[in-house]
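Step one of this worksheet: look at the structure below.
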Amino acid sequence: MKPATRYTKSGRINIAYQVFGSGPIDLVYIPGWVSNIDWMWACPELVDFLGELAKIARVILFDKRGTGLSDRVVELSTIEERMDDIRAVMDAVDSERAVLFGHSEGGSVSALFAATYPDRTISLITFGIFAKRRYAPDYPWAPTDEERQAVYDMIEHSWGSGDMNLESLAPSKANDKAFMDWLANYFRSGASPSAALVLTKMNTQVDIVKVLGSIKVPTLLMQRTDDIDVKIEEGRFIEERIPDARLVEFSGNDHLFWVGNTKEVLDEMRSFISSVNPVQNYEERLYTILGARACGKPLTAKAEESVKKYVHQYRGRIIAFNEEGFISTFEGPSKATHASIEIVKSLRRYNLPVSVGIHIREGAVDESHFVSKTTQRFIDLILDYGGPNQILITQGVKYLLSGAGLNMSLSKTTVDPVNEEPLALFSVIDSLGGGVNDELRPLSNSPKNDSFIENVLQCIDEHLGNESFGVEMLCREIGVSERQLQRKLKAITNKSPNQLISSVRLHRAKELILAGKLNIAEIAYQTGFSNPSYFSKCFKKEFGTSPSIFMQQAQ
């Protein structure tokens, strides 16, 4: 029986989740690519697999932002934001610690979560995951640019049809028409063609190789030896880099874990879950470190106040501050980078240029309160190359910023002082930035959230019932030009400002329908539609069904 679908907020985005099972521990399933947690229950093979997991764990399913039943107001999301979605769902169901089960592309965010939040991770289980999705001499099993372009073309022209070559994901089911029809419907219901395309392009840029060595939780890697989609060499590569990880190779060529020799897969999972003795407290975890150095002029009390404002806004922690510079830690590279952009802009208003360096590294858990000599040495190295108002990031940070709406260019190549390996440094350019005057334009309202898109969504929410609210007012409230807003939203959400405003209105209308307290006309007016029939037309275009039918289904 399909469990109830519930929602929780990750920032201002609604994340759909389901909970079922009676086992003594929690298991969070992080699906690959796109998903739809309702459609999962229309596949007998997947239902059987989930049912077996429910005997040994409380199972938690969710659709990441932009896919499935979760809000689709944004089509792009960083791996860090997807990590936030996991944490939001765990918090919603009072799960302090859980086994993470990541499949395919879901393995990237599972790995980052396990390294960043080891004390919330009992263990890590993966199936058919990869470390990067773009060919490189040191990772020759990933698709070439030409092969990825063929995937882009297929999505653009054949999304959800029989031309998707879905048989390569489950060769053992290639002649099972009912299963293949379900799989096509599953993908179609999981994402729009546009969302599937931008998500695939974003995933092409993700690289978690530098993260693997920081995973300290017990780890089980599973993969079929002849998997066509992800080569077995990729699993072996990952096993070598995660301390004490174990790779189990199964016979067969199915990429989907719920088809083929599923009994063997389930037996391996049961054995691993029951044998893990969770570590109560880990001594190390993954941090993003931001270091800044004053260029010529000492930092003032006003500068410190401004720095604290943005560090706290992006959920960071200042661990050292003096007139020569400061150091802070963040939960992820996207938060650190966006905070640094705001800090550089704010300090320029006081004519206090700084150079900023950002790096992601493993450190002692209590390093959120002090700076180790190794960290200080690394920050000094980066800042030695930085110029006034320049933000330099390491390659490991760059790989985790895909989908963040930022432009990055190679600035310097040096040597890592810790392992003496080549170290590439990249300069960050905010795609919001235009000329100098635009960059220094004051905000009408101080930012209240931890990202640009969160501030935009909040602004739209605050004017939800105002039918005259549009792009001009949004620009004025956020404090940017229309051109800047267009560029930034396109980079982050793949939507124009008008499309985003409409999408937010419709998703909020969906929330009101699910609440069941208002009729359709009242909901239309409360979400800025003066004409209920036009509202119904827009709603059907966004969700594929009319608001009245959706209301009946919700009841």
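Looking at the chain, the DSSP beta bridges with both ends there are about 60 percent antiparallel. Shape class of region 223-294 from the alpha-carbon gyration tensor: oblate, with a/c at 1.5 or above and b/c at least as large as a/b.
Starting from the amide H of Ala320, placed 1.01 Å from N in the peptide plane, find each other amide H under 5 Å away whose residue is 5 or more places distant or on another chain. Counting only residues 5 or more places away or on other chains, the set is Ile327.
Pick out, from Ser172, Gly296, Thr413, the residue whose Cα sits farthest towards the positive end of the charge dipole of the chain, with +1 on the Cβ of Lys and Arg and -1 on the Cβ of Asp and Glu. Among Ser172, Gly296, Thr413, the one farthest towards the positive end of the dipole of the chain is Gly296. Quick one: Debye curve from the C-alpha atoms of region 449-505, no solvent, what's log10 I(q)/I(0) at q = 0.26, 0.27 Å⁻¹? Debye curve over Cα of region 449-505, log10 I(q)/I(0) at q = 0.26, 0.27 Å⁻¹: -1.15, -1.25. Working note: Cα atoms of region 81-195, range along each principal axis, descending, whole Å: 43, 39, 29.
All Cα-Cα separations within region 1-149 were binned at 10 Å from zero, giving a P(r) of 11, 41, 34, 12, 2, each value a whole percent of the pairs.
The slack between Ile429 and Arg349, meaning 0.36 nm per residue of separation minus the straight C-alpha distance, is 27.0 nm. Under 5 Å from the amide H of Ala57 lie the amide H atoms of Ser22, Gly23, each residue being 5 or more positions distant or on a separate chain, with H modelled from the backbone and absent for Pro and chain starts. 3J(HN,Hα) along region 44-59, derived from phi through the Karplus expression 6.51 cos²θ - 1.76 cosθ + 1.60 where θ = phi - 60°, amounts to x, 5, 6, 4, 4, 5, 5, x, 5, 4, 5, 6, 10, 7, 7, 9 Hz, with x in place of Gly and Pro.
For region 311-328, putting each phi into the Karplus relation 6.51 cos²θ - 1.76 cosθ + 1.60 with θ = phi - 60° gives couplings of 4, 5, 4, 9, 6, x, 9, 7, 10, 7, 8, 8, 5, 8, x, 7, 9, 9 Hz, in residue order, rounded to whole numbers and with x for Gly and Pro. The Cα atoms of the chain cover 69, 61, 45 Å along the three principal axes, with the biggest extent listed first. Accessible area per residue for region 270-425, computed on protein heavy atoms with a 1.4 Å probe, is 44 Å². Applying the Karplus relation 6.51 cos²θ - 1.76 cosθ + 1.60 with θ = phi - 60° to region 532-541 yields 3J(HN,Hα) values of x, 5, 5, 4, 4, 5, 5, 4, 5, 5 Hz, where x marks Gly and Pro. Can you pick out the pairs among Lys495/Lys540; Lys173/Lys231; Lys231/Lys412 whose Cα atoms lie more than 28 Å from each other? Flagged as over cut-off: Lys231/Lys412.
If the segment from Glu240 to Glu420 were pulled out straight at 0.36 nm per residue, it would be longer than the present Cα-Cα gap by 62.8 nm. Within the accessible surface of region 3-155, defined with a 1.4 Å probe on protein heavy atoms only, the carbon and sulfur portion equals 53 percent.
Computed extension length for Ser194-Lys537: 121.4 nm, one decimal, from 0.36 nm per residue of separation with the Cα-Cα distance subtracted. Around the Cα centre of region 183-335, unit charges on the Cβ atoms of Lys, Arg, Asp and Glu (plus for the first two, minus for the last two) sum to a dipole of about 840 debye.
Per residue, the convex hull spanned by the alpha carbons of region 297-423 comes to 108 Å³. Once C-alpha pairs closer than 8 Å and six or more residues apart are averaged by separation and normalised to the residue number of the chain, the relative contact order reads 12 percent. Counting only protein heavy atoms and a probe of 1.4 Å, the accessible surface of region 236-342 is 43% carbon and sulfur. Based on DSSP H segments of at least four residues, each scored -39500 (n - 2.57), the chain has a per-residue ellipticity at 222 nm of -12500 deg cm²/dmol.
What is region 449-534's relative contact order, in percent, from Cα pairs under 8 angstrom and six or more apart in sequence? Working shown, then result.
Details: 67 pairs, mean separation 27.6, N = 86.
That works out to 32 percent.
Taken per residue, the accessible surface of region 168-210 reaches 38 Å², heavy atoms only and a 1.4 Å probe.
For Trp33, the accessible area of its heavy atoms, probed at 1.4 Å with every protein chain present, is near 50 square angstrom.
The values are calculated or read from the model by the stated rules, or taken from the named source; none is laboratory data. Just so we're clear, the structure is a prediction, and the values are computed from it rather than from any experiment. Note that we place each Cβ from the backbone using ideal geometry, even for glycine, and neighbour counts take in every protein chain shown. For accessibility, only protein heavy atoms count, side chains too; no ligands or nucleic acids. Shrake-Rupley method; radii C 1.70, N 1.55, O 1.52, S 1.80 Å.
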